[in-house]
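Visitor: Input: one structure, supplied below.
Only the coordinates and a few stated rules stand behind these numbers; no lab work does. Being a predicted model, the structure only gives us computed values, none of them experimental. Cβ placement follows ideal geometry from the backbone for every residue including glycine, while neighbour counts extend to all protein chains displayed.
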Amino acid sequence: MSEPTQLFNVQIDGVWHQFKKGTRVIEACAQAGKFVPHYCYHPKLSSPGNCRMCLIEMGMPKLGPDRKPEIGADGKPVINWIPRAQISCAQDVAEGMGIRTDSPMVKECRNGVMEFLLINHPLDCPICDQAGECQLQEYSVEFGTAGSRFLEDKVKKPKRVELGPRVTLDDERCILCSRCIRFMREIAHDDVLGFVSRGSHTYLTAHPNRLLDSNYSLNTVDICPVGALTSTDFRFKMRVWFLKETKSICTSCATGCNTIIGTRQNQIFRQTPRENDAVNSAWMCDYGRLNFHSVNSTDRLKTPRVREGQGLVDTTWNKALVKSGEELKQFSKDEIAVIASGKMTNEELWLAKDLVASIGTSRHDIIPRTGEADDILMSTDRNPNILGAQLIGLTGEKPGLGLEDIAEGVRSGAIKAIVALGEDLTQFGLTADELRKLASLIVMDILPNDTTRSATVLLPSSAFSEKRGSMINIKGRLQRLNRATQPPGLARDDWEIIRDLIQQLTGSDGIYLIEDVFKQMAESISEMNALSLSRIGDKGVQLVEETEEAPAAV
Amino acid sequence: MKMELPAELQHRMDGVIAQYPVSRRSATLPLLHLVQEHFGYIEDEAINWIAAKLELEPINVLELVTFYPMFRREPAGKHHIRVCRTLSCAMAGGYELLDTFCKHARISRQENGHGAHLLKSQDGKYSIEFVECLASCGFGPVCMINDDFYEAVSQEEVPQLLEKYQ
């Protein structure tokens, strides 16, 4: 047993609270429901205390001649207020401490700090990319004044500085909070940013011979409280207040960083990290963040198609599904292989397992997808739902182990039909020519590739942002994707397509809600017994015990 | 690292670093002084060299170099003049003194903005800059030429003063 945590009595705006030892004053205020404005303070970073926005009034118990706190009429210690304001971000709570967050002095301080911050800040909010989510704007409304007494010329600083491949800086907008510098030093471990020059001429820069090219560089844009650091990919593409925000998860690797997908008119404009201390703290990598452009691609598969001679022709869903069923029924069970994907949701995998059972084949697997891990967030496993695929049983302990046999079977003619669910089969050594020789190749995918071009039936499906469902990240956490956009054209939800394929083979009654698919799955998988899709919540549920190491992929 | 430092200088630097056993980073400022003393200015290569030596990123050193006006990133003239412009000297004619120096040393008095405070004659013989207090406020205007200190300098004596530094 660890020692009980020491608690301190702290008075905030006249009300006594208790806080754990080590709580920063600004956090204590937040816990007490008192918001203290701040720029440089960030809960995940060190506190330099340089923006002065979080000034509050502070006091300590008044000591009597016996060096004991004097007790007032209310039975509480009398507080000796410090006659000047203190910053609340770099100070821990102490026994008997008094804090005032809304006194006249505090209000005056905030007003003064705001006026100073705006002295050199350009007032071109209408064309600033941060407008609408700018803390300088927000605090101006709440704590500032309408006018400025500053008549002199504003200091000129570098504009449109390309700090790196993904981040553009406007130094005139920078309020020198140093969050980005600290993020790069403390979290990304790439100390590339700094302040040069001094006084009001100070500006942010990367070393002239270095680029801000870390795979985590765009987090600096997220934490920049003003419009200084902007995403080169996103800037000036959309006013942020038009964005619809959908909570989801990143599917670019098995870490499953929690995200917010920003969309407008069925188009994704950006992805930003959503705080979840069990997964990604408040960050995500640039690779995952920008890995959504393919969803907006004009190449997306939009219409079901069937093979006619050398080419594929558009058809209806009904015809495509009936043809799929007819093709598959021609073969004996082990002449058919099913290739599923570690990018599928649990619900899709569950139905894929059902499809495998309906066919009766023992030949099924997923395609492993690996890359280099870093020590920050990125996982070696680039399949976002590898644990789900294993738990549901689409693959074994070593994903991809069965692929060589399947490829060999295709070459020898033992396998005559393949159902490819969201994967390009050329990834494990089959050539387009070999795929063309298959009597039946039923392909479900979102973008064209050698496999879709070789298909006998092509079923256009949904990208990660277009589906609701769940995945299990590499640490065994069950998390939920939510639908942010609709699939293009006639493309459908993957789980519905697989359900319909099963119906073609077995004629069984369908299932009409994704929630019911989850329910069915949860009844069979003991780890999920008490869960439903909605119970997963926004921050996920730890499903299986955290594993130290990711399962080895082949 | 391209830059070659004489063994004697390196030895001095190691001595300085040894004085900061808790944080090598604290040796940055004294090392910069040593570099400027030796080379006359701090070139980019030296910034990288110090960063590598102290296991820092070059930006950490660049921040300091640009913060302190006493550090130069380009060579000064053969003779370097510092004119005080803090209050007493400013009132006693520091600004006029700098102008007079410029005139006689053939330094063009162009707009020198923040971070580019060094003015140099075309032949490289003289350079001049404003500095803050040189600690002789009772005898303004004061100036320094190289390491020599001059108090109550009148504009008339400027040509003679320059004569001494050829």
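Visitor: Can you quote the Å³ per residue value for the convex hull of the Cα atoms in chain B, rounded to an integer?
Guide: Dividing the Cα hull volume of chain B by its residues yields 134 Å³.
Visitor: Determine the relative contact order of chain A: mean sequence separation of Cα pairs under 8 Å and six or more apart, normalised by residue count, in whole percent.
Guide: With pairs under 8 Å counted, the relative contact order is 11 percent.
Visitor: As a test of the formula, what do you get for chain B when each DSSP H run with n ≥ 4 contributes -39,500 (n - 2.57) and the sum is divided by the residue count, at 222 nm and rounded to the nearest 500 deg cm²/dmol?
Guide: -12000 deg cm²/dmol
Visitor: Ranked by Cβ crowding within 10 angstrom, fewest neighbours first, how are B:9, A:136 ordered?
Guide: Taking fewest neighbouring Cβ atoms as first place, the list is B:9, A:136.
Visitor: Counting only C-alpha contacts under 8 Å and six or more residues apart, can you give the relative contact order of the stretch A:355-396 as a whole percent?
Guide: Dividing the mean separation by the residue count of the stretch A:355-396 yields 35 percent.
Visitor: What order, most packed first, do the peptides B:153-161, B:87-95 have when packing is the mean number of other Cβ atoms within 10 Å of each residue?
Guide: B:87-95, B:153-161
Visitor: Let me ask something additional. Using θ = phi - 60° and the Karplus curve 6.51 cos²θ - 1.76 cosθ + 1.60, what whole-Hz ³J(HN,Hα) does each residue of the stretch A:89-102 get, with Gly and Pro shown as x?
Guide: Along the stretch A:89-102, the couplings run 8, 10, 9, 8, 5, 9, 4, x, 5, x, 9, 10, 9, 9 Hz.
Visitor: Right, another one. Highest first, please rank the peptides A:320-330, A:521-531 by the mean number of other Cβ atoms sitting within 10 Å of their residues.
Guide: The most tightly packed comes first, giving A:320-330, A:521-531.
Visitor: Enter the mean projected area of the convex hull around the alpha-carbon atoms of the stretch A:7-112, in nm², rounded to one decimal.
Guide: Average of the hull's projected areas for the stretch A:7-112 equals 7.0 nm².
Visitor: Another question about this same structure. What share of the DSSP beta bridges in the protein assembly as shown is antiparallel, in percent to the nearest 5?
Guide: 70 percent
Visitor: When N is the residue count of the stretch A:162-272, what does its C-alpha Rg come to as a fraction of 2.2 N^0.38 Å?
Guide: Details: Rg = 15.0 Å, N = 111, 2.2 N^0.38 = 13.2 Å.
Normalised Cα radius of gyration, the stretch A:162-272: 1.14.
Visitor: What number, in percent, do you get for the relative contact order of chain B if the mean sequence gap of Cα pairs under 8 Å and at least 6 apart is divided by its residue count?
Guide: RCO, chain B: 19 percent.
Visitor: From the helices alone, meaning DSSP H stretches of at least four residues, give me the mean residue ellipticity at 222 nm for chain A, per-run term -39500 (n - 2.57), in deg cm²/dmol to the nearest 500.
Guide: Estimated from H runs of four or more residues: -6500 deg cm²/dmol.
Visitor: How many Cβ atoms of partner chains, on average, are near each residue of B:61-70 if near means within 10 Å of its Cβ?
Guide: Average neighbour count from other chains, rounded to a whole number: 4.
Visitor: Computed over the Cα atoms of the stretch A:219-261, what is the ratio Rg over Rh, Rh following Kirkwood?
Guide: On the way: Rg = 12.2 Å, Rh = 12.2 Å.
Reported Rg/Rh, Kirkwood definition of Rh: 1.00.
Visitor: Further, regarding this structure: Compute the whole-percent fraction of alpha carbon pairs in chain A spaced more than 44 Å apart.
Guide: 32 percent
Visitor: Between the stretch A:260-275 and the stretch B:137-151, how many Å separate their Cα centres?
Guide: 63 Å
Visitor: Quick check: net charge around residue A:437, other residues with Cβ under 12 Å of its Cβ, Lys/Arg +1 and Asp/Glu -1?
Guide: +1
Visitor: Give the distance, in whole Å, between the Cα centre of the stretch A:369-426 and the Cα centre of the stretch A:21-38.
Guide: Rounded to whole Å, the Cα centres lie 48 Å apart.
Visitor: Helix A:494-506 versus the longest principal axis of chain A: what is the Cα-based angle in degrees, 0 to 90, to the nearest 10?
Guide: 30 degrees
Visitor: Still on this structure, please answer the following. Can you pull the Kirkwood radius for the stretch A:305-542, inverse mean 1/r over Cα pairs, to one decimal in Å?
Guide: Result for the stretch A:305-542 stands at 18.0 Å.
Visitor: Same structure again: What does the charge count around residue B:106 come to, taking other residues whose C-beta lies under 9 Å from its C-beta (Lys +1, Arg +1, Asp -1, Glu -1)?
Guide: On the way: positive: B:103, B:125; negative: B:123.
Once all neighbours under 9 Å are counted, the net charge is +1.
Visitor: Please order A:19, A:234, B:71 by the number of other Cβ within 10 Å, starting at the fewest.
Guide: Ascending number of Cβ neighbours within 10 Å: B:71, A:234, A:19.
Visitor: May I pose another question? For the stretch B:79-164, what is the convex hull volume of its Cα atoms per residue in Å³?
Guide: About 87 Å³ per residue, rounded to a whole number.
Visitor: Could you sort out which of A:302/A:323; A:20/A:247; A:76/A:107; A:353/A:475; A:107/A:156 sit more than 28 Å apart by Cα distance in this structure?
Guide: A:20/A:247; A:107/A:156
Visitor: Determine the shielding of peptide A:205-215 by partner chains: average, over its residues, the number of Cβ atoms on other chains within 10 angstrom of each Cβ.
Guide: For this peptide, the per-residue mean of nearby foreign Cβ atoms is 3.
Visitor: Further, regarding this structure: Give me the net charge of residue A:228's neighbourhood, meaning all other residues with Cβ under 12 Å from the Cβ of residue A:228; Lys, Arg count +1, Asp, Glu -1.
Guide: +2
Visitor: What ranking of A:62, A:333 emerges when the number of other C-beta atoms within 10 Å of each C-beta is taken as an exposure proxy, fewest first?
Guide: Listing A:62, A:333 from fewest to most nearby Cβ atoms yields A:333, A:62.
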